[in-house]
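Please read the structure below before turning to the comments.
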2 protein chains.
Amino acid sequence: MPKIAIVIFDKFTDVDLWLMWDLLNRVHLPDWSVKIVGSSEAHRSVTGIPVTTHGTIDDANAADAVLFVSGPGTRDAIKDEVWLSQFRLNAEKQLIGSICSGSLILAKLGLLDGKTATTYPTSKQLLETMGVEVIEKPFIAHENIATAGGCLAQQYLVGWVIEKLADSEWRELVLRSIQPVGEGLFFNDVERLQPLYGPVSAMATV
Amino acid sequence: MPKIAIVIFDKFTDVDLWLMWDLLNRVHLPDWSVKIVGSSEAHRSVTGIPVTTHGTIDDANAADAVLFVSGPGTRDAIKDEVWLSQFRLNAEKQLIGSICSGSLILAKLGLLDGKTATTYPTSKQLLETMGVEVIEKPFIAHENIATAGGCLAQQYLVGWVIEKLADSEWRELVLRSIQPVGEGLFFNDVERLQPLYGPVSAMATV
C-alpha cells in the first residue's frame, strides 16, 4: 500500500506542487495513495492560491515517499525550528526528495550531509553555505534521497518515485502521457494510455 | 492592461490549469492580470481538488486572452448548452486557445471551423467527428486561435500568449525558468531570472 506525501508550506511555487500531484495521481494501482500534507489546514501558494491539506507532517513521517515542494516559503521553513522538529524522516525506510529550493529543507534536516545535490539557480548559493556540494544537473539521487532542480525536473523526481513504488512501466506511461503531441506522445498511443484513465472512483479523491 | 482568463469547469485536469497559471503569473508587468474563471464559485478537478474561481464567463468574454483547460469534464461541457451560450468570444479581438481536450470546446463554439487543430490522443476521434482536421503537432495557431496537445505543450500555448501580450523576451525568460537545471536552465541564469521574482505584492493575488 504505497503512501506518498507531498509537503507544502506557505508561499510555495504552484507548479511544483501540481505537476507532482497530477503525475502521481495517474498511477492507478490498488491502495496507491497521494496526500498533500502540511502544518496547517491550508497553505497559500506564492500566487495566493489556498490549498487545503489532506494530512499533517505525521502523515509524511509515516509515508513511503516524502516529497518537498519549493518556493520563496522555503526560506521561512528552514528558520522555523518548531516546524522542522515535527519531521521524523528515515532515509533507510523512506524515499525522500525535493524539487528546486525544497533541497534547502532536506539540507536543514541533515539529509544531504556528505551528499551532492541539485537545486534552483536562485538557491544554489544558500544551499552551498549549508555545506552541500551543488551540481548542475536536473536530478541527483543517492540511494533513497533525491533532489531535482528546475520545475520540469519534477518528471525525473516523480519518475524515480513511481519506478521505486510501482514499476518502470508505470513510470514510462505516466511521463509519456504529459509530453507534447508529436514530441514524445502520439495519437496512436491512445490504447496504451487507457490504464491512466480508469474509473474516477479508482482515483485519489480528497 | 492585458487581461487573461483561464476557463475551468468540473473534472478538469489539474496540471492543465496550474502550469498555465504559474507560467502566466511569472510575467511581472504593470496591470498584467490572470484570472481563473468558471460558471461556479468553485470547480473540482478530476482528482477532487476544489478550486475557487476569481471570475465568471463574462470575465472571459472581456479578456484579451481566453485559455481553456482540459480533462474529462470537457465531455460534459460540450453538451451543456446553457454553459456554452454564456460565451461571447471574438477571435478578431481576443486570443483564444486550448490545451488537450479543451479543443473540443473551441470546436463546439465554432472557433475551429475550417481550421486545422491539435488535441490529446484520447480526444482526436471526437474532435474529428466535429468536423476538424486534427494534426499530430504540439501546437497549431491560426491568427488569434491556437490549440495545443499534451500537457507540456502548454509551454507553446502560454509562450504564444506572452509573446503577443508582452514580448518575446518575457516569453523566453518565463519558459526558461521552468526547464530542468543543466537542460535549458543553468546556475549562471541567476541574475537573468530576477525580473520573475520581484516583490510578491507585484504578483497576481486572489
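The values are calculated or read from the model by the stated rules, or taken from the named source; none is laboratory data. From a predicted model like this one, the values you see are computed outputs, not experimental measurements. Heads up, the Cβs are rebuilt from the backbone with ideal geometry, glycines too, and the neighbour counts pull from every protein chain shown. Keep in mind that these areas ignore ligands, DNA and RNA; they rest on the heavy atoms of the full protein, side chains included. Shrake-Rupley method; radii C 1.70, N 1.55, O 1.52, S 1.80 Å.
Annotation: of all residues in the range B:31-46 being touching a helix residue (DSSP H, G or I) at 6+ places or on another chain (Cβ under 7 Å) and assigned to a loop (DSSP other than H, G, I, E, B), the one that is surrounded by the fewest Cβ atoms within 10 Å (Cβ to Cβ) is B:Ser39. For B:Leu106, state whether it is crowded, with 23+ Cβ neighbours inside 10 Å, touching a strand residue (DSSP E or B) at 6+ places or on another chain (Cβ under 6 Å), at pLDDT 95 or above and of a type in the set (A, V, I, L, M, F, W, C). For B:Leu106, the condition - crowded, with 23+ Cβ neighbours inside 10 Å, touching a strand residue (DSSP E or B) at 6+ places or on another chain (Cβ under 6 Å), at pLDDT 95 or above and of a type in the set (A, V, I, L, M, F, W, C) - is met.
For every residue, the table says whether it meets (1) part of a helix (DSSP H, G or I); (2) free of Cβ contacts under 8 Å to residues at least 60 places away in the same chain; (3) open to solvent by less than 30 Å² (accessible area, probe 1.4 Å).
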position	(1), (2), (3)
B:Gly110	no, yes, no
B:Gly131	no, yes, no
B:Gly159	yes, yes, yes
B:Trp170	yes, no, no
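Checked against (1) on the phi > 0 side of the Ramachandran plot; (2) within 10 Å of the chain's Cα centre (by Cα), B:Lys11 passes all but condition (2).
Of the residues making up the range B:11-28, those that are over 16 Å from A:Asp22 (Cβ atoms) and touching a strand residue (DSSP E or B) at 6+ places or on another chain (Cβ under 6 Å) are B:Leu24, B:Asn25.
Conditions tested, residue by residue: (1) closer than 23 Å to B:Phe87 by Cα; (2) modelled with pLDDT of 95 or more; (3) not hydroxyl-bearing (Ser, Thr, Tyr).
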| site | (1), (2), (3) |
| --- | --- |
| B:Val134 | no, yes, yes |
| B:Leu165 | yes, yes, yes |
| B:Ile178 | no, yes, yes |
| B:Val181 | no, yes, yes |
| B:Gln194 | no, no, yes |
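Residues of the range A:176-188 that are more than 7 Å from chain B (Cβ to nearest Cβ) and either among the small types (Gly, Ala, Ser) or buried (at least 19 other Cβ atoms within 10 Å of the Cβ) (or both): A:Ser177, A:Gly184. For first residues located in the range B:1-13 and in a strand (DSSP E or B), partners that are among the β-branched types (Val, Ile, Thr) and surrounded by 19 or more Cβ atoms within 10 Å (Cβ to Cβ) and lie 6+ apart or on another chain with Cβ distances below 6 Å form the pairs B:Ile4/B:Val34; B:Ala5/B:Val37; B:Ala5/B:Val66; B:Ile6/B:Ile36; B:Val7/B:Val37; B:Phe12/B:Val69. As a summary of the residue check, A:Ala63 satisfies the conditions (1) open to solvent by 50 Å² or more (accessible area, probe 1.4 Å); (2) in contact (Cβ under 8 Å) with a residue 40 or more places away in the chain; (3) under 23 Å from A:Arg88 (Cβ atoms) except for the one numbered (1).
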